[in-house]
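Below is one structure, written out as structure tokens; comments come after it.
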Amino acid sequence: MMEILELIDRIEDLVEESSSLPFSKKVMVDSEALFFILKEMRENIPEEIKQAQWIQEEKDRILNDATKDANQIIEQANAQAFKIKSDAEVKFEKLISENDVVVAAEKKANEILLKAEQNAKTIKIQTNTYVDDVLSKTQEKLRDVITILDSNRSEIRK
């Protein structure tokens, strides 16, 4: 991108340094020098387009990676929550079957189950917060990439 801007600066310098025609705003420009600079611009524009395309592909890759990571984290959190709940239910059933005092066993099992559900909720909330943070950072990066793309496109159009 800098090469294109430098070439534009060279064209401006060429025009500023050229002789002006009397009683007009027109100038006499060295056509060879101008055509040489324009040729260089033509050669550099494809590189700028490749750069913009790379930025777009990088944006897509970052977004895909973030989505995969988020889905994997959610899946792991759900599996962990299910395991905690299953373990609590197993403990609950074991307490009932092994204890003579069913009321005490039910109370203990309910406490374990409640604690497990609370832990599962806490893990899920923390996971959702983490996933939201990852997606937010990814969104910021994508905004930066889009800003660069817009800037590059604006510079190319000038």
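The values are calculated or read from the model by the stated rules, or taken from the named source; none is laboratory data. Because the structure is a prediction, the values reported are computed rather than measured. Quick reminder, even Gly has a Cβ in these numbers, built from the backbone with ideal geometry, and neighbours come from all protein chains shown.
Please determine whether any residue of segment 51-61 is of a type in the set (Lys, Arg) and closer than 28 Å to Asn152 by Cβ. Checked segment 51-61: at least one residue is of a type in the set (Lys, Arg) and closer than 28 Å to Asn152 by Cβ. All of Thr138, Thr147 fail the test of being surrounded by 11 or more Cβ atoms within 10 Å (Cβ to Cβ), within 17 Å of the chain's Cα centre (by Cα) and under 30 Å from Glu3 (Cα atoms), apart from Thr138. In this structure, Asp65 does satisfy being closer than 22 Å to Thr127 by Cα and surrounded by 11 or more Cβ atoms within 10 Å (Cβ to Cβ).
Looking for something touching a Lys or Arg at 6+ places or on another chain (Cβ under 9 Å), in a helix (DSSP H, G or I), over 30 Å from Thr127 (Cβ atoms) and at pLDDT 90 or above - is there at least one such residue anywhere in segment 1-8? No, segment 1-8 contains no residue that is touching a Lys or Arg at 6+ places or on another chain (Cβ under 9 Å), in a helix (DSSP H, G or I), over 30 Å from Thr127 (Cβ atoms) and at pLDDT 90 or above. Every listed requirement among (1) loosely packed, with under 12 Cβ neighbours inside 10 Å; (2) under 24 Å from Asp133 (Cβ atoms) is met by Gln76 save one, (1). Among the residues of segment 1-49, which ones are farther than 25 Å from Ile156 by Cβ and of a type in the set (Ser, Thr, Tyr)? Within segment 1-49, Ser18, Ser19, Ser20, Ser24 meet the criteria. Mind telling me which of the residues Glu58, Glu43, Glu32 ends up being surrounded by 12 or more Cβ atoms within 10 Å (Cβ to Cβ), charged (D, E, K, R) and in a helix (DSSP H, G or I)? Selected residue: Glu58, the only one of Glu58, Glu43, Glu32 that is surrounded by 12 or more Cβ atoms within 10 Å (Cβ to Cβ), charged (D, E, K, R) and in a helix (DSSP H, G or I). Inspection of segment 9-22 finds a residue satisfying the criterion of being closer than 18 Å to Ser151 by Cβ, acidic (Asp, Glu), out of contact with any Asp or Glu (no Cβ under 9 Å at 6 or more places or on another chain) and assigned to a helix (DSSP H, G or I).
Can you tell me which residue among Ala116, Ala120 is surrounded by 11 or more Cβ atoms within 10 Å (Cβ to Cβ), free of Cβ contacts under 8 Å to residues at least 60 places away in the same chain and in contact with an Asp or Glu (Cβ under 8 Å, 6 or more places away or on another chain)? Write out each step before concluding.
Numbers: Ala120 fails: in contact with an Asp or Glu (Cβ under 8 Å, 6 or more places away or on another chain).
Just one listed residue meets the conditions, Ala116.
Just to be sure, is Lys124 within 30 Å of Glu93 (Cβ to Cβ), basic (Lys, Arg) and in a helix (DSSP H, G or I)?
The answer is yes for Lys124.
Take Asp69 and decide whether it is without any contact (Cβ under 8 Å) to a residue 60 or more places away in the chain and of a type in the set (D, E, K, R). So Asp69 fails the test.
The C-beta contact set for segment 90-102 (first residue in a helix (DSSP H, G or I), second residue β-branched (Val, Ile, Thr) and modelled with pLDDT of 80 or more, distance under 6 angstrom, 6+ apart or interchain) comprises Lys91/Ile112.
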